[in-house]
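A.B. asks: So that we are looking at the same thing, I have put the structure below in structure tokens.
No value in this document is a laboratory result; all are computed from the given coordinates. As the structure is a computational prediction, the values presented were derived from the model and not from experiment. Cβ placement follows ideal geometry from the backbone for every residue including glycine, while neighbour counts extend to all protein chains displayed.
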Amino acid sequence: MIRVFQIAVLICMSLLLTGCEVPEKRKPIWERVKIGDIAPSGSSKPAGPQFLKTINFDVHIFEIPAENISKLYDIWKILPTQPLRFRDYKSFRANSFVVRFGQIPMANNVLNLLHAAKGQKVVTVKLLLRDGQSSDVVVVGLNNQREILYISRGNVTEKTSIGPGILSLRIRAEKIAGLRGVCNVIAEPASSVPKNGPIPGLTERSQRHEFIFSPAAFGLKMSPGEFVLLGPGKYISDQRTLSGLFFSEPQGSLFFDETRLKPPELKPAVRVFLLVCTSISD
């Protein structure tokens with residue numbers, strides 16, 4: 001329970017951010033998840049006091065033992081799908097993606113259920129986005145080119161080649177004209193080449209090798225204090241599939257016994273993403 005309380009405190013603290021501070025770079029916490037410096041850089045020093053207008057999110061990534069994936073169903077049942085939108089809901093579900101919407105008063109229940117599933121938080125990524133900007137939350141690194149199977153509209157199985165590069169959750173946010181404290185958010189799995197290197201032409205190369213898995217995209221309007229929870233509909237160990245690569249860790253992750261009476265165990269795992277809107281500066 002101490003651990004659940006600590007996580008809840010972290011989320012509540014996130015909601016107190018002013019949205020004008022640039023987050024520091026964080027070091028990798030596991031070798032497949034790398035946090036980049038996503039804060040926009042200024043080209044010149046402002047003439048006077050100015051505030052950076054941004055949309056801010058925290059993305060908490062959890063892992064749970066694959067053997068406990070059925071416990072996620074308890075979470076899906078208590079959270080609604082409204083106001084979520086999909087490019088194609090049938091394709092979204094066919095790819096074994098599940099997403100639900102919630103507000104901070106529901107967060108304790110969600111965290112308690114993740115704890116009951118033996119979930120552990122492995123990393124938190126802070127996103128500071130300007131209006132209309134997108135940022136990639138790295139999910140897994142791809143050392144080599146590989147073919148990935150996914151389900152497109154009409155329940156058609158297609159394949160595409162991705163890598164070397166990264167598979168990420170791309171998040172884009174736009175303010176809504178005439179409305180304060182509300183933004184449009186689109187999230188979608190994306191394969192790309194990292195753009196933050198010093199190699200000339202890297203951005204153009206990244207765009208040429210980019211692939212968006214649009215059947216697994218979703219969007220919604222969000223305000224501070226609201227969140228979405230994204231996870232797998234079932235455990236798929238096959239890393240040649242979009243869901244298997246995006247959510248699963250069949251090689252295993254270390255899970256610690258809270259009582260410390262036995263050593264940590266290496267178990268196949270699944271990832272769950274908790275995306276929290278922390279502030280919008282209009």
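A.B. asks: Which ³J(HN,Hα) values, rounded to whole Hz and listed in residue order, are derived for region 128-134 from phi using the Karplus coefficients 6.51, -1.76 and 1.60 in 6.51 cos²θ - 1.76 cosθ + 1.60 with θ = phi - 60°, glycine and proline given as x?
C.D. replies: Those phi angles translate into 10, 10, 7, 4, x, 8, 10 Hz.
A.B. asks: Where a ≥ b ≥ c are the square roots of the eigenvalues of the C-alpha gyration tensor, would you call region 44-152 rounded, which needs a/c under 1.5, or, failing that, prolate if a/b is larger than b/c, or oblate?
C.D. replies: Here region 44-152 falls in the prolate category.
A.B. asks: Amide H neighbours of residue 182 under 5 Å, at least 5 residues apart or on other chains, H built in the peptide plane: list them.
C.D. replies: So residue 182 has HN proximity to 176.
A.B. asks: I need the Debye-formula profile for region 83-132: one equal scatterer per C-alpha, no solvent, reported as log10 I(q)/I(0) at q = 0.13, 0.23, 0.32 1/Å, two decimals.
C.D. replies: -0.55, -1.09, -1.06
A.B. asks: Using the Karplus equation 6.51 cos²θ - 1.76 cosθ + 1.60 (θ = phi - 60°), what ³J(HN,Hα) coupling, rounded to whole Hz, does each residue of region 266-282 give in order, writing x for Gly and Pro?
C.D. replies: 8, 9, x, 9, 10, 9, 10, 10, 10, 9, 10, 7, 9, 6, 9, 9, 8
A.B. asks: OK, next. For residue 139, which sequence-distant residues (separation of 5 or more, or a different chain) have an amide H within less than 5 Å of its own amide H, given hydrogens modelled in the peptide plane?
C.D. replies: So residue 139 has HN proximity to 167, 168, 169.
A.B. asks: Per residue of region 118-123, in order, report the coupling 6.51 cos²θ - 1.76 cosθ + 1.60 (Karplus, θ = phi - 60°) as ³J(HN,Hα) in whole Hz, putting x for Gly and Pro.
C.D. replies: Calculated HN-Hα couplings, in order: 6, x, 9, 7, 9, 6 Hz.
A.B. asks: On full extension of the chain, what length is gained from residue 81 through residue 143, given 0.36 nm per residue of separation minus the C-alpha to C-alpha distance?
C.D. replies: On the way: separation 62, 0.36 × 62 = 22.32 nm, distance 3.53 nm.
Net length gain for the segment: 18.8 nm.
A.B. asks: Let me ask something additional. Quick one: compute a quarter of the convex hull surface over the Cα atoms of region 225-266 and quote it in nm².
C.D. replies: Value for region 225-266: 4.9 nm².
A.B. asks: Mind ranking 171-182, 210-221, 133-144 by how tightly packed they are, going by the mean number of other C-beta atoms within 10 angstrom, highest first?
C.D. replies: Most protected by this proxy first, the peptides run 210-221, 133-144, 171-182.
A.B. asks: Test of understanding: ordering 64, 78 by Cβ neighbours within 10 Å, fewest first, what list do you get?
C.D. replies: The fewest-first ordering by Cβ neighbours comes to 78, 64.
A.B. asks: Let me ask something else. Pairs of lysines 8 or more apart, or on different chains, with alpha carbons under 25 Å: count those in region 59-179, would you?
C.D. replies: Step by step, the pairs that qualify in region 59-179 add up to 9.
A.B. asks: Further question: Within a 10 angstrom radius of the beta carbon, how do 255, 247 rank from fewest other beta carbons to most?
C.D. replies: Values: 255 17, 247 28.
Going from least to most buried by this count: 255, 247.
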